[in-house]
Amino acid sequence: MNSSRVIDNDLLDALMVPAKQGDYPRDSHAFVRIDCSLRVYWHSLFDICPDVLALTTPDGLAIYRPFMAWANERQLSLDWTYYLWVYQWLLQSEFRERVTPKIARALTAASAARWAVGDRSASGGIAVGCADFPELVVAWKSHHIDEGREIELVELDEPLPTPPGKFGYFTIPQFELNTFPGWSEILR
């Protein structure tokens, strides 16, 4: 057995840090494995929220690489909250002056949609609030197997309290938004 061969387990630290990709030759298994792992996150950001890519060069690396390093340093979960973390990073970055309300809502909607696809609880939906805009972004799970999820921007008659952080959320037990149980904080 060749002891110099790199296996995926050896790459765990590099899988979330784009800068470490340069530690491996471009034609190596390790480089390709890291590249494939990272592309999933790149595409899930820029394909879903193309306005974020419009903030930078077409390869998006000026956003993507620093964000991934920031997320890794903070040990952030890149689950349904991935897009919320991107938004928070953008507000701290050199791109902060170019982040529009449209981008803020799109990233919030992408997070809510990801929750609706991935959540396996009995909840029917999720409402995500952001301190930067008054509306709620609501994502509903599919009612039937042949339906897709639904995402709504809900304008409220009476504003809710501001979330405890930049974002807050609450799950909706049924398929009707009729109560406000209070905000849950976004977990790392």
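I'm checking my understanding of the structure. Among residues of the stretch 115-129 that are touching a Phe, Trp or Tyr at 6+ places or on another chain (Cβ under 8 Å) and assigned to a helix (DSSP H, G or I), which one is farthest from residue 161 (Cα to Cα)?
The extreme case among them is 118.
I need the full set of residues from the stretch 60-89 which are surrounded by 19 or more Cβ atoms within 10 Å (Cβ to Cβ), assigned to a helix (DSSP H, G or I) and not aromatic (Phe, Trp, Tyr), in order please.
63, 68, 71, 84, 86, 88
Which of the residues belonging to the stretch 97-149 are without any contact (Cβ under 8 Å) to a residue 12 or more places away in the chain and touching a Ser or Thr at 6+ places or on another chain (Cβ under 9 Å)?
Selection gives 148 alone.
Determine which single condition residue 159 fails, assuming it passes every other condition in (1) touching a strand residue (DSSP E or B) at 6+ places or on another chain (Cβ under 9 Å); (2) more than 16 Å from residue 112 (Cβ to Cβ); (3) at pLDDT 90 or above.
(3)
The values are calculated or read from the model by the stated rules, or taken from the named source; none is laboratory data. Because the structure is predicted, anything quoted here is derived from the model rather than measured. Cβ coordinates were reconstructed from backbone atoms using ideal geometry, including for glycine residues, and neighbour counts include every protein chain displayed.
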